[in-house]
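Take a look at the structure set out below.
Only the coordinates and a few stated rules stand behind these numbers; no lab work does. Please read all numbers here as calculations on a predicted model, not as lab measurements. Cβ atoms come from the backbone with ideal geometry, glycine included; neighbour counts cover every protein chain shown.
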Amino acid sequence: MTQPHDVAVHVRDLHKHYGTKRAVDGLDLTVERGEVFAVLGPNGAGKTTTIEILEGFRERDSGEVSVLGVDPQQAARLWRSRIGVVLQSADDQAELTVAELVHHFCRYYPGSRDADEVIAAVGLTDKAATRTRQLSGGQRRRLDVALGIVGRPELLFLDEPTTGFDPEARRSFWGLIEGLRDDGTTILLTTHYMEEAEHLADRCAIVRDGRVVALDSPAALGDRAARQAVVRWIEDGVPRERTTPTPTAVVADLAARHAPGEVPGLEIVRPTLEDVYLSLTGAVPVHTVALEALIPTHDDQTETVR
């Protein structure tokens, strides 16, 4: 299956079943070269199975898959040298130092990066002589990335790269990923952190029940919900709210009715990417703000009393 040069990953009608369990059920996906692409979805949605198929670690039941122009199921050693894989957790080679491990991995790849430059790039120069078992969680993730990029991969798979990070470590790690993108590396990322997807990803795919249910840039996915807002206030001691695409007009009307005083409990809420994600993955009730905004089924000017 030949794909355009600007396509790094192409998946069409992918299926993988385990008995009666449809882990991946007709999934379609295209990742362009040079972008950071985030795959989002709850546990059991089919993310891990899909990524393992793309990495060549698991065979599919049916469907078309092309990664860097090659079917991973038929890929040879040369293809494997073109990808980098960073698993969600790793604790192997605990007695080797950072320098020993990175230099060792360098020998696996033709045209690998300079080991010391890679160690510096991930911010571990001062830990080069430290055994891997003595590294903090954030430092170990940096080492994992070093091992993933030492072979100059065209495509890097990152599986939940910042799980367990504190906020400072997570943002530092984001800077590393942005640097890799600037160098031209295509990155396919899975994460449960919506803020991470918003910050890093050029596009996001939301997966549910083995299928992609939404695919767009984080901003565009958010805009789908932001077309409507919820205006909340208190009137006669009763909480009220109105879902509307014109919150300014609603607020102006409320202000006129309550003049010259303030509108009690006034609040305007616009759904976030996380709201969109929760709605599309079925993690929140159907009456929530995000789902109303994505799938309007009521008059957008209907006022409700809670």
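At-a-glance table
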item: Of all DSSP beta bridges in segment 7-217, antiparallel share, percent nearest 5; result: 55 percent
item: Dipole of the chain, positive direction: furthest Cα of 245, 7, 200, with charges on the beta-carbon; result: 7
item: Sum of -39500 (n - 2.57) over DSSP H runs of 4+, divided by residues of the chain (222 nm, nearest 500); result: -9500 deg cm²/dmol
item: Rg over Rh, two decimals, segment 70-193 (C-alpha only, Kirkwood Rh); result: 0.95
item: The chain: radius of gyration and largest Cα-Cα distance (Dmax), Å; result: 23.5, 76
item: Size of charge dipole - the chain - debye, nearest 20, with Cβ of Lys, Arg +1 and Asp, Glu -1, no other charges; result: 680 debye
item: Sorted largest first, extent of segment 21-83 alpha carbons per principal axis (Å); result: 33, 27, 17
item: Theoretical FRET efficiency, 1/(1+(r/R0)^6), r = Cβ-Cβ of residue 120 and residue 269, R0 41 Å, to 0.05; result: 0.35
item: Inter-site label distance for residue 15 and residue 76 at 7 Å from Cα along Cβ, in nm; result: 3.1 nm
